[in-house]
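Novice: Got a structure for you, written out below as structure tokens; questions coming shortly.
The values are calculated or read from the model by the stated rules, or taken from the named source; none is laboratory data. This is a predicted model, so every value here is computed, not measured. Backbone-built Cβ (ideal geometry, glycine too); neighbour counts: all protein chains shown. Heavy atoms of the whole protein, side chains included, go into the accessibility calculation; ligands, DNA and RNA do not. Shrake-Rupley method; radii C 1.70, N 1.55, O 1.52, S 1.80 Å.
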Amino acid sequence: MQSLWDDREAAQYDGDLGLRVYTSRLLGRDPGLVLHGGGNTSVKATRRDITGEEIDVLYIKGSGWDLTTIEPQGFAPVRLQRLIALSGLDELSDDQMAAELRVATLDPAAPSPSVEAILHAILPARFVDHTHADALISLTNTPAGEEHVRDVYGDDALIVPYVMPGFALARLVARMLSGNHGGISGLVLMNHGLVTFGDTARESYERMVEFVDRAERYLGGRGAWWIPSNETRPPAEDRIALSELRLAVSRAAGTPMILRSCLDQQAASFARRPDLASLTQQGPATPDHVIRTKRIPLLGRDVEAYAETYRAYFERHRARLASDPVMLDPAPRVILDTELGLLTAGKSVREAMIAADIYLRTIPIILRSEALGGYRALPESEIFDVEYWSLEQAKLRNARRPGLLQGEVALVTGAASGIGRACVDALRERGAAVIALDVDPAIEAMWPGEEVLGLTCDVTDDAAVDDALGQGVAAYGGLDMLILNAGIFPSGASIAGLDASEWDTVMRVNLDANVSLMRLAHPLLCMAPRGGRVCVIGSKNVPAPGPGAAAYSASKAALTQVARVAALEWGRDGIRVNVLHPNAVFDTGIWTDEILADRAARYGMGVEEYKRNNVLGVTVSSRDVAEVAAAVLGPAFAKTTGAQIPVDGGNERVI
Ligand code: ZN
């Protein structure tokens, strides 16, 4: 491992806090050091208050900030003397500590200081860096862990036995430091991570790099750094098996869950190891991971047995906690299956992705520890204490209410514009993950993040649609909702002047493609945890057709009839099918200025008059239709199927 310090980059940062930001980000660049909010850093400085008094402060990483992207305001300024005084207490509960840290913070707008603030305060240097470096964990998580650590660091580091992070760790280190430990430049926290310190940002950071490098070289010298990868068979693509597994995980969790396939081949070959049980069923690499990954992965697909084991683990340890803890859901977050490879679950796409990132780091940690003499995790009681930490329980109690469609998966066709695009937005806002299809390749980059999977797809190409469904299920685990929106609206032609090939095209896009997609989606919708839902975007032309749109009206009428039959046939599968009949939605792809003018002329109106030509005298937007579509898919319509709902401002011919 090498230092990433660059003088020109560093020159762009001002003062000690600026350089603290810079080297924190350098740590964040390496996922082998810090991952998803792991690790924390600090700098000691002085600050003048409003009366002119100079106060010693510790700028410590605030919770909710990630070292990778931290800014100066991500560091909370906390009174240093107060923190040192707190370190001398015999006892301080986590809740008391959190309150004390808040009160000692000099800026009410600052984030909550890290739970390691007291530890940072008592260390005898201005800059302190703390990471959960993979290489160090590989050393400590072995039967001879302490000997290995002593071999690597000699007198340069103080070896701290594992205790809970927070006050217990700070108090222990304070006591150990009160002995004579003059020469040390770092701490090894067994089964947890590394702490280094120095008088400049660069010194502290480069000590961290050097400490990690020494661990890596030590592993290398014992043939325990490079992991041979022997097999390169990718995991199987089996969307039915994935949907079944997601249904079981969702049932155990009591809420719909995202299940993400990890296509990594090393993970797939790890999942096929004959010694998988002995490697993975001991516990996580560090207790820090337990919230994201649970204590152990599920091997295979028996989710119910896993949930039973989890409940028993909870019962074994609940008495360890003073107040009665709220039991977390017993569903697995990491699954290793010989066929499906590594899968991760979460209440959101992000949760599932973080679990995957963590487990992809965990696999080499375990294999390196194995090569060094055997992987050994902490006892489950220690893991339980972190999983049911009062600070974590407080987060649970204060969690925001989930969206109405949280953890569910929708597929929207024609999603790059108009009603389809607005539907994707409306579904995202309610917490759903969305597979968004469109013939326009712009769909692939339309939404940032991983909650929308935008795929270029011609819905009239059955093979392409089938492939898109496969990709969607690999990304999210199944399918709960379908919005059939893609459609075309040809320019007006009377029946006498109808072109046969145009008729065919309209039928293929507006009718055949939707019927194919419904057929392909049906087995997946059957396994939706809350029951499948289909929302068909029909048209006012179904109940009230107009002249010059025979092919369009006939295609939408046929599609509506298919939806009604589907409502009858699929009721026993728990699938609801409803139809919306929008009218005069002019912010969609099919309404060019030319078509709009043509339509208005047919009714003998100006364009503006035509737009508001309804009972309520309102214009109807794509967003209006999307809101109704999302509502129809949501719980308010749980008892409604086979309905046709106008979204048209009221139409005299329909009413
Ligand atoms: Zn830590």
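Novice: Check the range 1-13 and report whether any residue there is open to solvent by 20 Å² or more (accessible area, probe 1.4 Å), in the same structural domain as residue 163 (by TED's automatic domain parsing) and within 16 Å of the ligand (Cβ to nearest atom).
Specialist: The answer is no, given that none of the residues of the range 1-13 is open to solvent by 20 Å² or more (accessible area, probe 1.4 Å), in the same structural domain as residue 163 (by TED's automatic domain parsing) and within 16 Å of the ligand (Cβ to nearest atom).
Novice: Write out, first by first residue and then by second, each pair whose Cβ atoms fall under 9 Å of each other, whose residues are 6+ apart or on separate chains, and whose first residue, in the range 371-398, is over 16 Å from residue 168 (Cα atoms) while the second is among the acidic types (Asp, Glu) and open to solvent by 30 Å² or more (accessible area, probe 1.4 Å).
Specialist: 394/94; 394/95
Novice: Related question: Is it the case that residue 228 is within 16 Å of the ligand (Cβ to nearest atom), farther than 17 Å from residue 133 by Cβ and surrounded by fewer than 19 Cβ atoms within 10 Å (Cβ to Cβ)?
Specialist: no
Novice: Yes or no: residue 83 part of a loop (DSSP other than H, G, I, E, B), of a type in the set (A, V, I, L, M) and surrounded by 17 or more Cβ atoms within 10 Å (Cβ to Cβ)?
Specialist: When the stated conditions are applied, residue 83 does not pass them.
Novice: Looking only at the range 35-51, filter to residues that are free of Cβ contacts under 8 Å to residues at least 12 places away in the same chain and within 23 Å of residue 125 (Cα to Cα); which one of those is nearest to the ligand (Cβ to nearest atom)?
Specialist: Step by step, filter the range 35-51, then rank; the result is 46.
Novice: Test residue 59 against the criterion of being of a type in the set (Phe, Trp, Tyr), modelled with pLDDT of 95 or more and over 29 Å from residue 394 (Cα atoms), and give yes or no.
Specialist: So residue 59 does not fit the description; no.
Novice: Looking at (1) open to solvent by less than 20 Å² (accessible area, probe 1.4 Å); (2) more than 19 Å from the chain's Cα centre (by Cα), which one does residue 456 not meet, given that it meets all the others?
Specialist: Unmet condition: (1).
Novice: If you don't mind, there's one more thing I want to ask. Please give the number of the condition residue 33 fails out of (1) among the hydrophobic types (A, V, I, L, M, F, W, C); (2) open to solvent by 60 Å² or more (accessible area, probe 1.4 Å); (3) modelled with pLDDT under 95.
Specialist: Of everything listed in (1) among the hydrophobic types (A, V, I, L, M, F, W, C); (2) open to solvent by 60 Å² or more (accessible area, probe 1.4 Å); (3) modelled with pLDDT under 95, residue 33 misses just condition (2).
Novice: Taking only the range 251-303 into account, find how many residues are within 16 Å of the ligand (Cβ to nearest atom), open to solvent by 40 Å² or more (accessible area, probe 1.4 Å) and of a type in the set (A, V, I, L, M).
Specialist: So the count comes out to 1.
Novice: Sticking with this one: Among the residues of the range 496-507, are any more than 18 Å from residue 581 (Cα to Cα), at pLDDT below 95 and not in a helix (DSSP H, G or I)?
Specialist: yes
Novice: Which is within 20 Å of the chain's Cα centre (by Cα) and modelled with pLDDT of 95 or more, of 337, 425?
Specialist: 425
Novice: Going by what's in this entry, would residue 269 be described as closer than 17 Å to residue 477 by Cα and either part of a loop (DSSP other than H, G, I, E, B) or among the hydroxyl-bearing types (Ser, Thr, Tyr) (or both)?
Specialist: It is false that residue 269 is closer than 17 Å to residue 477 by Cα and either part of a loop (DSSP other than H, G, I, E, B) or among the hydroxyl-bearing types (Ser, Thr, Tyr) (or both).
Novice: For the range 18-60, name all the residues that are assigned to a strand (DSSP E or B) and under 17 Å from residue 198 (Cβ atoms).
Specialist: 40, 41, 42, 43, 44, 45, 58, 59, 60
Novice: Would you confirm, using the coordinates I've provided, whether residue 445 is in contact (Cβ under 8 Å) with a residue 24 or more places away in the chain and assigned by TED's automatic domain parsing to the domain that holds residue 563?
Specialist: No: the conditions fail for residue 445.
Novice: Which one of the conditions (1) at pLDDT 95 or above; (2) open to solvent by 10 Å² or more (accessible area, probe 1.4 Å); (3) out of contact with any strand residue (DSSP E or B) (no Cβ under 7 Å at 6 or more places or on another chain); (4) farther than 22 Å from residue 476 by Cα does residue 248 fail to meet, given that it meets all the rest?
Specialist: Status for residue 248: all satisfied but (4).
Novice: Further question: Any residue that is within 28 Å of the chain's Cα centre (by Cα), farther than 30 Å from residue 279 by Cα, within 16 Å of the ligand (Cβ to nearest atom) and open to solvent by 30 Å² or more (accessible area, probe 1.4 Å) - is there at least one of those in the range 124-131?
Specialist: No - not one qualifying residue is present in the range 124-131.
Novice: Let me ask you something else. Filter the range 150-204 for residues that are more than 16 Å from the ligand (Cβ to nearest atom) and among the aliphatic types (A, V, I, L, M); which is farthest from residue 84 (Cα to Cα)?
Specialist: This residue is 152.
Novice: Here is a further query. So residue 55 fits all but one of (1) more than 30 Å from the chain's Cα centre (by Cα); (2) under 20 Å from residue 167 (Cα atoms); (3) surrounded by 12 or more Cβ atoms within 10 Å (Cβ to Cβ); what number is the exception?
Specialist: Checking residue 55 against (1) more than 30 Å from the chain's Cα centre (by Cα); (2) under 20 Å from residue 167 (Cα atoms); (3) surrounded by 12 or more Cβ atoms within 10 Å (Cβ to Cβ), the one that fails is (2).
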